Amino acid sequence: MLDYEFMRNGFVAAGIVAVLAGLVGYFLVLRGQSFAGHALAHVGFTGATGAVLIGASPLWGMVLVTVGGGIGMGLIGERLQNRDVAIGVVLSMALGLGLLFLHFFTAYATQATALLFGNVLGVTTHTIFALLGLALVSIAGLGVIARPLLFATLQPELAEAKGVRLRLVSVLFLALVGLATAECSQIVGVLLVFTLMVGPAATSQLLTPQLGWGLGLSVALALGQAWLGLVLAFYTDWPTSFWITALSGASYLVVSGWASSMTRM
Amino acid sequence: MSAVEAVDLSLTRGGRAVLAGVSFAIAESEFVGVLGPNGAGKTTLMRALLGLVRPSGGTVAVLGAPAAFGNPAVGYMPQHRATVAGMRLRGWDFVAGAVAGHRWGLPLLDGAGRREVARVLALVDATALARRPLRDLSGGERQRLLLAQALLGRPKLLLLDEPLMSLDPHHQHAVVTLVRDLQQELGIAVLFSAHELNPLLGALDRVLYLGAGQAALGTVDEVITGPVLSRLYGSEIDVIRLAGRIFVMSGRQATERDHHSHA
């Protein structure tokens, strides 16, 4: 299996992205902002197709739009709460616009599928370096904001009183979510970003109440699911993204079933 | 030096004046209950003491210096939020998240930080509780962890915003007793806001009653009287004392709705 370059590239790319998704996703779930990842992926699709249309790299187009979108969401902040209709309308418009861009760029239906559902086996060495660079920047950024981010997540009023700038922390974090979303899209596509960002983190939070273990477990689950998905895809010839979503979803459902049976006892 | 000194203090919230030119001083080791009808400005006053709301007039000093945010000598327990009750994180991590939480960097604690968390957990007798996830705790147990968090950094003034909200009478009594014991043991000033006076009777040194933009500070006997409260509510108020408890009545309605009057 590892004799093939596309498999080796796939493992490396999925590994990089899974580590980032596990870390960022943990805070995303803890903050109850899971849908931010989903929303940013939708607008990222427009960025990617727009970039293709003007002859630029879809990855960078997506990064630009998701990071910009994250910062925008952070700035608008609480006004977004309970605005699900408005959010849904904007997201649909973003996807529709992306479709229009694809239409102008007639030739490639495969391009659309790759953006929507991911194409980890088509990752080039060049893309791997881009993914690695972005992941390192994101993880370093998360390392810088982690402490005030955690405080602001657990006790916003107290954090504010102790001098945490809530708005700034929220904007920085959502910018990182934007980066992580763009990375995840390369592996599982914009429609399935949830599966790497939210699935492993949510499962981990069901399994351990400890912060340190939780973060580690979130990364381990994301990594395990991404790599096992690749292995299964290799032997079955079914799509990798299907296997990753299946593993992520099944882990969450099994663990949450187990957790709720434990609390009933 | 006073723990809190307000001089001609005016506060507004959302363009509406909640306090208009009030003056009072709270001593350094006093347990003061902050009472008043909804919207009277209990939370706004606390936010002003934390430096999060600027006075629209007058001044407010905390421990001898103008109120400013990030003051480590002020401990704060915000009003109950449902999200805390649903968290799967264990209590220890929840409390520890507030240790130097305003600094950039990784949320790792050094030895001193861990000892500080252990100290505050021991103060509220929550060392064992802190090993369990927040969502598995009762309301009273969670309040103890929140109180521990407010005690981080050895504050000299403790602001507790409605710690009795959504607790049953038994747990209300336990929280009041715990806060009173801590306040005496540590020799600190406590501002404790509440909807009802009765759970606090016997623990309070003085009452700060807010209403109609005004404030009255004094002992229970001085403040909880018909004339003073009529002024603060802006309508005719009767005060009825019954079996060691006090009922504040507007016309024929109890203004402080006491759901547990049989307890």
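What follows is calculated from the coordinates using simple rules that are stated; it is not laboratory data. For clarity, every value in this text was computed on a predicted model and none was experimentally measured. So basically every Cβ, Gly included, is an ideal-geometry build from the backbone, and we count neighbours across all protein chains shown.
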Simple SL model, points at 7 angstrom along Cα→Cβ for B:Arg241 and B:Asp125; separation in nm is 3.1
Once both label points are put 7 Å beyond Cα along the C-beta direction, the A:Ile54-B:Thr177 separation in nm becomes 7.0
PRE zone check, label point 7 Å out along Cα-to-Cβ of B:Thr219, amide N under 16 Å, scope region B:158-202, hits B:201-202
Residue-normalised 222 nm signal for chain B, counting each DSSP H run of n ≥ 4 as -39,500 (n - 2.57), nearest 500 deg cm²/dmol, is -8000 deg cm²/dmol
Extend 7 Å from the Cα of A:Thr113 along its Cα-to-C-beta direction; within region A:205-240, residues with backbone N under 15 Å of that point are A:237-240
Chain B: longest segment with zero exposed trypsin sites (Lys or Arg not before Pro), where exposed means DSSP loop plus at most 14 other C-beta atoms within 10 Å, is residues B:104-251
Note on chain B: the mean projected area of its alpha-carbon convex hull, in nm², is 14.4
Dividing the helical contributions, -39500 (n - 2.57) per DSSP H run of n ≥ 4, by the residues of chain A yields a 222 nm value, nearest 500 deg cm²/dmol, of -28000 deg cm²/dmol
Where a ≥ b ≥ c are root eigenvalues of the Cα gyration tensor, a/c under 1.5 meaning rounded, otherwise prolate if a/b exceeds b/c and oblate otherwise, region A:5-194 counts as oblate
tail above 21 Å in the computed P(r) of region B:56-144, as % of all Cα-Cα pairs, reads 43
The farthest towards the positive end of the charge dipole of region A:119-258, of the residues A:Leu247, A:Phe234, A:Val219, given +1 on Cβ of Lys and Arg and -1 on Cβ of Asp and Glu, is A:Val219
Of all DSSP beta bridges having both residues in chain B, the percent classed as antiparallel (nearest 5) is 60
Rounded to whole angstroms and listed largest first, the alpha-carbon spread of the protein assembly as shown along its three principal axes comes to 86, 46, 43
per DSSP, antiparallel bridges as share of beta bridges in the protein assembly as shown, % nearest 5, sits at 60
